[in-house]
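*Asks:* Below are the C-alpha cells for one structure; questions will follow.
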Amino acid sequence: MLSVLSYGRLVARAVLGGLSQTDGRDYSLVTASYGFGKDFRKGILKKGMCYGDDACFIARHKAADVLGVADGVGGWRDYGVDPSQFSATLMRTCERLVKEGRFVPSQPVGILTSGYYELLQNKVPLLGSSTACIVVLDRRSHQLHTCNLGDSGFLVVRGGEVVHRSDEQQHYFNTPFQLSIAPPGVEGVVLSDSPDAADSASFDVQLGDIILTATDGLFDNMPDYMILRELKKLKTTNYDSVLQTAESIAKQAHDLAYDPNYMSPFAQFACDNGLNVRGGKPDDITVLLSIVAEYTD
C-alpha cells in the first residue's frame, strides 16, 4: 500500500510530466566554447573553431541547435600529415550542412555521414582520421538527438547529477573508433569505421539542463565528480556565465593533464589494462558547454 507521501510524489511527477509534454515553448541552447591545444598554454583558437588537433562547431538552423566536436588522430603526424586538417574540415563541412538545412534533427548521424562522404569525394585526398560527436537539440520537441563515434562525448546534467551520457567506443585500449581517409592502396591497413557505427541516442531535455560536449582531453583528465563540482557554479543562462564555467573546466583539465602525480581517469584506465601509468594525459582539450533555455529569436 502506498503511503500518502509516496502517493503525493507520484501525483506530482505525473503533473510535472504532463506539463513538460504540453510545453509549447521552443527551447534553445546557450553555448560557449573553451579549450587548449596540447602545445599551447592558453585557450587559443587556431583557424576556425580548433584547439590543437581538436575541432568543433556551434550552429543554428530554424528547427534546431547543433554542436559538434572532433579529435584528429595525432599518429598521422609521424607520416607528415597534419592531423588537425581532417578534424577541422570535417567539422566545417558538418557546420555548413546544418546552416544550409541539409539535415534531419532526429538523425545527427546523417550530418556526420554526409560530412564524411563529402571529404571522401574531394578531388585532392584529405588524409587523416578523427573521432566525432554531434549533438542536436530539436527546439520544438525538446529532444536531444546525438551520435558519438569514438572517445569524445557528452554529458547531460540535471539537478547536479548526470542523467544521460554518451558511450565511449574503443577497439582496444587508447584506440577509439574513428573516421579515416587513407592513401590509395593501404585502405585496409588503416583503422577506419563507418559513420553508421556511431552510438546514437535521443533524450528529452528540460529547461535548465546542462549539456557538456567535449573531446577526450577533458574526460581523460577529469572524472565526473570534478566536472559536476565546476558545473554547480553555473547559476544562470547568461552567455558570459556559461563561458566562464567552460573556461574553468578546461583550465582545470589542462592543469591536471600536466600533473605527474595525479591519478587521472586515463591513468586508471591504463592500469586496468595492465599498464603501470600515473599522471595526467597531456592532450588537446575542447569543451562546449550548453544550457537549455527558452528560445528567443
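The values are calculated or read from the model by the stated rules, or taken from the named source; none is laboratory data. The shown structure was predicted, so the numbers you read here are calculated from the model rather than taken from an experiment. Because the Cβ atoms are built from the backbone with ideal geometry, glycine has one as well, and the counts that use them run over all protein chains shown. Ligands, DNA and RNA are excluded from the accessible area calculation, which covers all protein heavy atoms including side chains. Shrake-Rupley method; radii C 1.70, N 1.55, O 1.52, S 1.80 Å.
*Asks:* I'd like the Karplus ³J(HN,Hα) series for segment 93-108: coefficients 6.51, -1.76, 1.60, θ = phi - 60°, whole numbers in Hz, and an x wherever there's a Gly or Pro.
*Replies:* For segment 93-108, the Karplus curve yields 5, 4, 4, 4, 4, 5, 5, 7, x, 8, 7, 10, x, 7, 10, x Hz.
*Asks:* With every protein chain in place, what's the accessible area of residue 296 (1.4 Å probe, Å², nearest 10)?
*Replies:* Spelled out: residue 296, probe radius 1.4 Å, area about 100 Å².
*Asks:* Can you bin every Cα-Cα distance in segment 53-97 into 10 Å intervals starting at zero and give me the percent of pairs per bin, rounded to whole numbers?
*Replies:* For segment 53-97, the binned pair fractions read 30, 43, 20, 6, 1 percent.
*Asks:* Expressed as a whole number of Å, what is the distance separating the alpha-carbon centroids of segment 224-261 and segment 76-134?
*Replies:* 28 Å
*Asks:* Short version: ³J(HN,Hα) in whole Hz for each residue of segment 272-277, in order, from phi by Karplus 6.51 cos²θ - 1.76 cosθ + 1.60 (θ = phi - 60°), x for Gly and Pro, what are they?
*Replies:* With coefficients 6.51, -1.76 and 1.60, one gets 5, 9, x, 9, 8, 10 Hz.
*Asks:* Put 51, 239 in order of accessible area, largest first, 1.4 Å probe: what do you get? Don't skip to the end; give the middle numbers.
*Replies:* On the way: 51 10, 239 110 Å².
Heavy-atom accessible area, descending, gives 239, 51.
*Asks:* From the residues 250, 231, 262, which one has its Cα farthest along the dipole of segment 222-264 in the positive direction, the dipole being from +1 and -1 charges on Cβ of Lys/Arg and Asp/Glu about the Cα centre?
*Replies:* Sorting the options by dipole projection puts first 231.
*Asks:* For residue 65, which sequence-distant residues (separation of 5 or more, or a different chain) have an amide H within less than 5 Å of its own amide H, given hydrogens modelled in the peptide plane?
*Replies:* Here the answer is 137, 139, since their amide H atoms fall under 5 Å of that of residue 65.
*Asks:* List the residues whose amide H sits under 5 Å from the amide H of residue 166, counting only those 5 or more places along or on another chain, with H placed 1.01 Å from N in the peptide plane.
*Replies:* Amide H neighbours of residue 166, under 5 Å, 5+ apart: 154.
*Asks:* Taking only the alpha carbons of segment 251-297, what extent do you get along each of the three principal axes, in Å, biggest first?
*Replies:* 53, 21, 14
*Asks:* Here's something else I'd like to know. Where nothing but the Cβ of Lys and Arg (+1) and of Asp and Glu (-1) is charged, how large is the charge dipole of the chain around its Cα centre, in debye to the nearest 20?
*Replies:* Details: 27 positive and 36 negative charges, 154 e Å.
In debye, rounded to 20, the chain gives about 740.
*Asks:* Whose amide H sits under 5 Å from the amide H of residue 52, counting only residues 5 or more places off or on another chain, with H placed in the peptide plane?
*Replies:* Placed amide hydrogens put 37, 46 under 5 Å from residue 52.
*Asks:* Taking the alpha-carbon set of the chain, what are its Rg and Dmax in Å?
*Replies:* 19.7, 71
*Asks:* Comparing 68, 128, 159, which has the greatest mean-square fluctuation in the GNM of the chain with Cα pairs linked when under 10 Å apart?
*Replies:* Maximum among the listed residues: 159.
*Asks:* If you plug each phi of segment 175-181 into the Karplus form 6.51 cos²θ - 1.76 cosθ + 1.60 with θ = phi - 60°, what whole-Hz ³J(HN,Hα) values come out, in order, with x for Gly and Pro?
*Replies:* The phi angles translate into 10, x, 4, 7, 8, 9, 10 Hz.
*Asks:* How compact and how long is segment 128-277, expressed as Rg and Dmax of its alpha-carbon atoms in Å?
*Replies:* 17.1, 54
*Asks:* Only bridges whose two residues both fall in segment 161-297 count here: according to DSSP, what percent of them are antiparallel, nearest 5? Numbers along the way, then the final one.
*Replies:* Values: 7 of 8 bridges.
In segment 161-297, DSSP labels about 90 percent of beta bridges as antiparallel.
*Asks:* Here's a follow-up. So how exposed is residue 237, as accessible area in Å² (1.4 Å probe, rounded to 10)?
*Replies:* 70 Å²
*Asks:* Can you tell me which of 96, 229, 139 moves the most in a GNM of the chain? Springs connect C-alpha atoms under 10 Å apart.
*Replies:* Answer for the Gaussian network model of the chain: 229.
*Asks:* Using a 1.4 Å probe and ignoring any ligands, DNA or RNA, find the accessible area of residue 149 and quote it in Å² to the nearest 10.
*Replies:* For residue 149, the solvent-accessible surface is approximately 0 Å².
*Asks:* While we're here: Who wins for biggest fluctuation among 225, 172, 34 in a Gaussian network model of the chain, springs between alpha carbons below 10 Å?
*Replies:* Evaluated over the chain, the most mobile residue of the options is 172.
*Asks:* Now, a different point. Counting only protein heavy atoms and using a 1.4 Å probe, what share of the accessible area of the chain belongs to carbon plus sulfur, as a whole percent?
*Replies:* Working: 7460 of 14210 Å².
Within the chain, the accessible surface is 52 percent carbon and sulfur.
*Asks:* Could you bin all the Cα-Cα distances of segment 54-197 into 5 Å bins starting at 0 and give me the percent of pairs in each, rounded to whole numbers?
*Replies:* 2, 10, 19, 23, 19, 13, 8, 4, 2, 0, 0
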